[in-house]
Amino acid sequence: MEYIDFGRTGMRVSRFGLGCMRLPADEAEAVNIVRRAIDGGVNYLDTAYVYPGSEELVGKALAGGYRDRTYLVTKCPVINVDKYEDMEKFLDEELLRLKTDYVDVYMLHNLSPGVWGKVKKLEGFKFLEEMQKKGKILHKGFSIHNTFEAFKEVIDLYDWDMAQIQLNILDEKPQAGGVEGLRYAASRGLPVTIMEPLRGGSLVSDLSPEGKRLIENFPVRRSLAEWAFRWLYDKPEVSVILSGVSSMEQLNDNLRIFENSALGVMTGDEEELIEKLRATFETQKHIGCTDCKYCMPCPKTVLIPSAFSYYNKYMLTKDESLKKAYREGQRKADKCVSCHICESHCPQGLKIAELLKEVHRVLM
């Protein structure tokens, strides 16, 4: 495992960070995955209050001495906060779930425009400093899905210890400025953690036949997942790359990939391959859903991520059985009444109501 200094925190972290949003629901399996990751050299674990069951599973996995071998990161669910006192209440609940007295890094979660306004209104900075003084958190950070301008405003307004952004071979620009935002954070001395390096797995599952041909014909054989991780860990401004594994097979493959996660490894030919792969996605009709489920539950019971998944797979394969499976479902996209509640929670900024109409038109 490769390690890197994490800004001014004094932490030396593994370049592969275990994202714990997509751990399997089976407790024994989830515990084994977390412990196997730590045994394999991973020392950075990322979870959050709003990831269903995640903090409890991580807390159980870190028993028996594993807590002392890792840096534990979780997040304040600012979207659920109504008053200043709520923030410490949520943190205390998280510490109980995680079975620990403190977390190494505590982030203000998903600073979308509305959430960022709430942070400033409810004195979120004061809260972070009070929690540091009490020893409940060691370092303070934020995660963000927003524009480059908003990202710069967040960075410039407060003395953060780290930042977390979405970046992958497709999101080179839109999320917090992409590579430009990454470099801006680094210029301000902030280590950056990367989320959604595979867009929730859709990068791999929605690869077109042309994309597969490009990978198969390249002189060096690597999977798309390995190419996507390699493109990220090549960058000196990237500290930790989170991978949200849901099986032991995925974890072991990631451990293999990150054995050589050195800086500056991409060649000119490899960069050209990434450009060609990016172009294959851009020519597809593809909905950029990462299956984070922040849009759920829908008040009209629409299975939004499922509808988008059926659509993406059908547009890629033209497999008529996907239409049949969609039609047989009871919670189809036509139940959408365009209330737009889901859109206010979508980290990708998708126009969900409009997209659902197109999904239903195509699949019906």
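Here are a few things to note about the model shown:
- When Met364, Met266, Met107 are compared by accessible surface with a 1.4 Å probe, the order from highest to lowest is Met364, Met266, Met107.
- Relative contact order, percent, the chain [alpha-carbon distance under 8 Å, six or more residues apart]: 15
- Compactness of the chain as Cα Rg over 2.2 N^0.38 Å, two decimals: 0.98
- Based on alpha-carbon atoms, the Kirkwood radius and the radius of gyration of the range 276-324 give Rg/Rh equal to 1.05.
- By the rule of a C-alpha distance below 18 Å, with chain neighbours fewer than 8 residues away ignored, the aspartates and glutamates paired with Lys323 are Asp206, Asp334, Glu358.
- Looking at the chain, the accessible area is 43 square angstrom per residue; that uses a 1.4 Å probe and ignores ligands, DNA and RNA.
- In this structure Arg15 has an accessible area near 10 Å², from a 1.4 Å probe over the protein heavy atoms.
- Couplings 3J(HN,Hα) of the range 154-168, computed from phi: 4, 4, 6, 8, 8, 8, 7, 9, 6, 9, 10, 10, 8, 8, 7 Hz, in residue order, whole Hz [Karplus 6.51 cos²θ - 1.76 cosθ + 1.60, θ = phi - 60°; x for Gly and Pro].
- Whole-angstrom gap from the range 39-90 to the range 201-256, using each part's C-alpha centre: 26
- Taking each of Lys89/Lys133; Lys60/Lys335; Lys136/Lys351; Lys152/Lys332 in turn, the alpha-carbon distance tops 28 angstrom for Lys60/Lys335; Lys136/Lys351; Lys152/Lys332.
- Of the solvent-accessible surface of the range 224-364, computed with a 1.4 Å probe and all protein chains present, 51% belongs to carbon and sulfur.
- Phi-based couplings in Hz for the range 111-128 (Karplus 6.51, -1.76, 1.60; Gly and Pro marked x): 6, 6, x, x, 5, 4, x, 5, 4, 5, 5, 9, 6, x, 5, 4, 4, 4
The values are calculated or read from the model by the stated rules, or taken from the named source; none is laboratory data. Only a predicted model underlies this, so the values are computations on that prediction, with no experimental measurement involved. Ligands, DNA and RNA are excluded from the accessible area calculation, which covers all protein heavy atoms including side chains. Shrake-Rupley method; radii C 1.70, N 1.55, O 1.52, S 1.80 Å.
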